[in-house]
Structures are given as structure tokens and as C-alpha cells.
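The following block contains the structure, expressed as C-alpha cells.
Please treat every number below as a calculation from the coordinates, not as lab data. Given the structure is predicted, the values throughout are model-derived calculations rather than measurements. Heads up, the Cβs are rebuilt from the backbone with ideal geometry, glycines too, and the neighbour counts pull from every protein chain shown.
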Amino acid sequence: EAQVTQNPRYLITVTGKKLTVTCSQNMNHEYMSWYRQDPGLGLRQIYYSMNVEVTDKGDVPEGYKVSRKEKRNFPLILESPSPNQTSLYFCASSLEGVRYNSPLHFGNGTRLTVT
Amino acid sequence: AQTVTQSQPEMSVQEAETVTLSCTYDTSESNYYLFWYKQPPSRQMILVIRQEAYKQQNATENRFSVNFQKAAKSFSLKISDSQLGDTAMYFCAFSGSQGGSEKLVFGKGTKLTVNP
């Protein structure tokens, strides 16, 4: 089954403790991206990657890192999480960017709470 | 920068009736892509319908259709014969066609409740 898999689904952590949210897709997609969803703000892009070893900032990259060493994986790293990073995170992928014939496929989300 | 506005934070409709969700956007591009995503309580993001701007014909997917008004920069979603399973948050989203379309710009969402 074609899918984007995120783990974990829920995560509670404390301020400053490094964490990684994993994302993997099995559709051989070139493009992958991370979004965060906050009430009243919709979804905002954190980082994206157009291909292996190619990553770039989205609208809200502060406090996050990503890497794209393999085509299928695109982990999101919070090296020193803070409470303002408490949010619902989505990984998404598409064949090539976001176009009519290349819509985004989303993972099931990771609910992160930083205390 | 492109922006997407959903002016209705919440809406409700009776089962079997029709409801229309509004979306407007701002862009200087001539071709672009528009999407509606549904997010049920399971929080999964599900693509409902999509439209390419240079295609004037309104998209339709079963009970879901759009009213795309390019000049007015409007992209409303109509849900016919509403079902309880349509209860969800709905997001309108925009993607430009220039520069490789690196992201979707989302509206803030409309929470739709279908009442029995």
C-alpha cells in the first residue's frame, strides 16, 4: 500500500531534550516536506526537500533541522525543543513538487507536546 | 506572497442538505493549482478535490464540486447530500506553478459539522 509513515504518533517530552520524528514514503517520490498545524493558523511549511541531499527552508524553519540522505526518508529533528514547538506535525510527499498531477500525500501526523 | 482566506471558521448543515465552504486567495500568477483537503477527527489529511487554474471547467468528485471563479480569485467547495462522515475540518490550499511549486499555502480551515 502506498503511504507516508510517520513515527511516533504521539510524543511528550521536556524542554531541551533532543528528539527526532521519522518520516518514510514508499512511493519513490522526489519531493518531501514537513508542516506544522496549529489552531487558527492552518498548516505551515517547516522544511522541504526536492531530492536526496537537497533541502530548503519553508515558512517556519526556526528550531528545526531535517536531512535527506535517502530518497524514502525525511526525518525532522528538534535539537532543543521548546514549549512553542508543541504542535501537530505532518510529513508529506509528492512525485515532484506540488502540482495538479502531483498532489501531496500526507502521513497521519505526530502530536508533539513539549513541557 | 500568496495567501489563502477561509472566512467561515465553523459551519453546520443538516444531513442530506447542501453546504458551500468559501475560499479566496491572492496571487499574481496566471497558472496555479488549488486543492481542498478534509481532516476528520482521525486528523488524517485527505485530498477531496483539485483544480488547475487554466482549466476553466469546475472540478467534480462525486458529491463534491467546486465553483472556481478565476477573476474573483474564489474557489468554493460545495458538498451535496451531506453525510455524517463529512464532519471534518476542511482546508483550502494553493500552490503556484512557478519555481517548482515547493509548498502548499493553506487557509486556516473551516470546521464543518453535519447534524443528523
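Just B:104, B:34, B:77 to compare: in a GNM of chain B, with alpha carbon springs under 10 Å, which one fluctuates most?
Result: B:104 has the largest fluctuation of those listed.
Here is a further query. Give me the tail of P(r) for the protein assembly as shown as a percent: Cα-Cα pairs with distance above 30 Å.
Here the tail beyond 30 Å accounts for 24 percent of pairs.
Residue by residue through region A:37-44, what is 3J(HN,Hα) from phi via Karplus (6.51 cos²θ - 1.76 cosθ + 1.60, θ = phi - 60°)? Round to whole Hz and write x for glycine and proline.
10, 10, x, x, 10, x, 9, 10
Let me know the mean shielding of A:55-63 by other chains, meaning the per-residue number of their Cβ atoms within 10 Å of its Cβ.
1
Tell me the Kirkwood radius of chain A: reciprocal of the mean inverse pair distance over distinct alpha-carbon atoms, in Å. Show your work: numbers first, answer last.
Working: mean 1/r = 0.0714 Å⁻¹.
Here the Kirkwood hydrodynamic radius works out to 14.0 Å.
Right, something else. Once you list every other residue whose beta carbon is under 15 Å from the beta carbon of residue B:63, what net charge do they have if Lys and Arg are +1 and Asp and Glu are -1?
It works out to a net charge of -3.
Restricting to DSSP loop positions (anything but H, G, I, E, B) with no more than 14 other Cβ atoms inside 10 Å of their own Cβ, which trypsin sites (Lys or Arg not before Pro) remain in region A:19-112? Can you show the working numbers first?
Numbers: sites: A:36, A:44, A:57, A:65, A:68, A:69, A:71, A:72, A:99, A:111; in loops: A:68, A:69, A:71, A:72.
Here the sparse-neighbourhood loop sites are A:69.
Now for a separate question. Which semi-axes, in whole Å and largest first, does the equivalent ellipsoid of chain B have when worked out from the alpha carbon gyration tensor as the square roots of 5 times its eigenvalues?
The equivalent ellipsoid of chain B has semi-axes of 24, 14, 12 Å.
Run the simple label-point estimate for residue A:56 and residue A:84 please: 7 Å along Cα→C-beta, distance reported in nm.
2.6
For the residue pair residue A:1 and residue B:7, what label-to-label distance in nm results when each label sits 7 Å from Cα along the Cα-to-beta-carbon direction?
4.0
If the limit is 29 Å between Cα atoms, which of A:71/B:111; A:18/B:38; A:17/A:71; B:55/B:78 go over it?
Check vs 29 Å cut-off fails for A:71/B:111; A:18/B:38.
Using DSSP to call loops (not H, G, I, E or B), can you name the GluC sites (Glu not before Pro) in region A:1-60 whose Cβ has at most 13 other Cβ atoms within 10 angstrom?
Numbers: sites: A:1, A:30, A:53; in loops: A:1, A:30, A:53.
For GluC sites (Glu not before Pro) across region A:1-60 that sit outside H, G, I, E and B with at most 13 neighbouring Cβ atoms in 10 Å, the list reads A:1, A:53.
Let me ask something else about it. Using 1/(1 + (r/R0)^6) with R0 = 22 angstrom and r between the beta carbons of residue B:16 and residue A:27, what's the FRET efficiency to the nearest 0.05?
0.05
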